[in-house]
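Q: I have a structure here, written as structure tokens, and I will follow up with some questions on it.
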Amino acid sequence: MSVQMIEKPKHEHQALSTRQIIKRACFIFIGAIFMAVGLEVFLVPNQVIDGGIVGISIILAHLTDVKLGIYIFVFNLPFFFIGYKQIGKTFAISTLFAVSVLSMATLLFHSIPAFTTDTLLAAVFGGMVLGVGVGLVIRYGGSLDGTEILAILFNKRTPFSVGETIMFFNLFILGSAGFVFGWDRAMYSLMAYFIAFKTIDVVIQGLDESKSAWIISEEYEKIGEAILARLGRGVTYLNGEGGYTGDDKKVIFCVITRLEEAKLKAIVEEMDPAAFLAVASISEVKGGRFKKRDIH
């Protein structure tokens, strides 16, 4: 009788190193401070609100004598436990740290005079600063608002997607600002939210957004050599099979920047006008040989 030893899976969760923990904590701290500045120095003094739990907190802080930071912390508290079960321990701890810093920072910054009393400027720059803060926290594994976690729960029980739930929830909150602060402030709030949303994407994905390209062509060797020579990008050849014909296909995979996308399309069009080309955005590239080679 033979006995087969079964090794433990290699993909077990690895604990973060001390350096990684410090780096993550620093960027989450900076992100929470940015959001506090965006709220207390730009948006709140001009009666412009954000979406989600923070938006509810701003409205209630305006209607009562309770400070904004207290509402933010208390309302987000249940989502720490939900996030722990739904996403994991690291996310829950990172979120707790981020919201704690945000809550304390808003209390400290409350007495700082507003940078501007122009509502348009406050909405634009407040949205940008807030977006940078939220983007940094998300990029390093935390969250500053429990709306996303709530949307994940609704997604499991309703036919609505996470994005649709968040959009509906935020439209309701931003619309409520019209009854409390006036409809012009509600429109400014919507503007600030949109600017923050776009800024978050930039922070998470980076200014130099990368793109993945998939090319299927009979002229795969010529196209691959041209990409290497004229773009300085490495390519990988994958074996594929046509689902309809059953024919063997060669698939070219490469990663480029968005500034190189037009040149890539021109190369493919030149080498094989009938080639299949698919390009998609990717938020991060690590390892391998992504570094651009010299063009010769």
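Computed from the coordinates by the stated procedures, all read-outs in this text should not be read as laboratory data. Given the structure is predicted, the values throughout are model-derived calculations rather than measurements. Positions of Cβ are backbone-derived with ideal geometry, glycine not excepted, and every protein chain shown enters the neighbour counts.
Q: Roughly how many whole Å is it from the C-alpha centroid of region 194-262 to that of region 32-68?
A: If you average the Cα positions of each part, the centres end up 42 Å apart.
Q: Past the 18 Å Cα-Cα mark, which pairs from LYS23/LYS85; LYS211/LYS250; LYS23/LYS211; LYS222/LYS249?
A: Beyond 18 Å: LYS23/LYS85; LYS211/LYS250; LYS23/LYS211.
Q: Calculate, in nm to one decimal, what ALA229 and ILE70 gain on full extension: separation in residues at 0.36 nm each, minus their alpha carbon distance.
A: 51.4 nm
Q: Using packing as a proxy for protection, rank 167-174, 142-149 so that the peptide with the highest average count of other Cβ atoms within 10 Å comes first.
A: Packing proxy ranking, top to bottom: 142-149, 167-174.
Q: Label GLU270 and ILE21 with points 7 Å out from Cα along Cα→Cβ: what is the distance between them in nm?
A: My value for the distance between the label points is 5.4 nm.
Q: For region 263-276, in order, what is each residue's ³J(HN,Hα) by Karplus, 6.51 cos²θ - 1.76 cosθ + 1.60 with θ = phi - 60°, in whole Hz (x at glycine and Pro)?
A: 5, 4, 4, 5, 4, 5, 4, 5, 7, 7, x, 8, 5, 8
Q: Ok, one more. Would you work out the charge dipole size for region 210-282 about its Cα centre, treating the Cβ of every Lys and Arg as +1 and the Cβ of every Asp and Glu as -1, and quote it to the nearest 20 debye?
A: Dipole magnitude for region 210-282 comes out near 420 debye.
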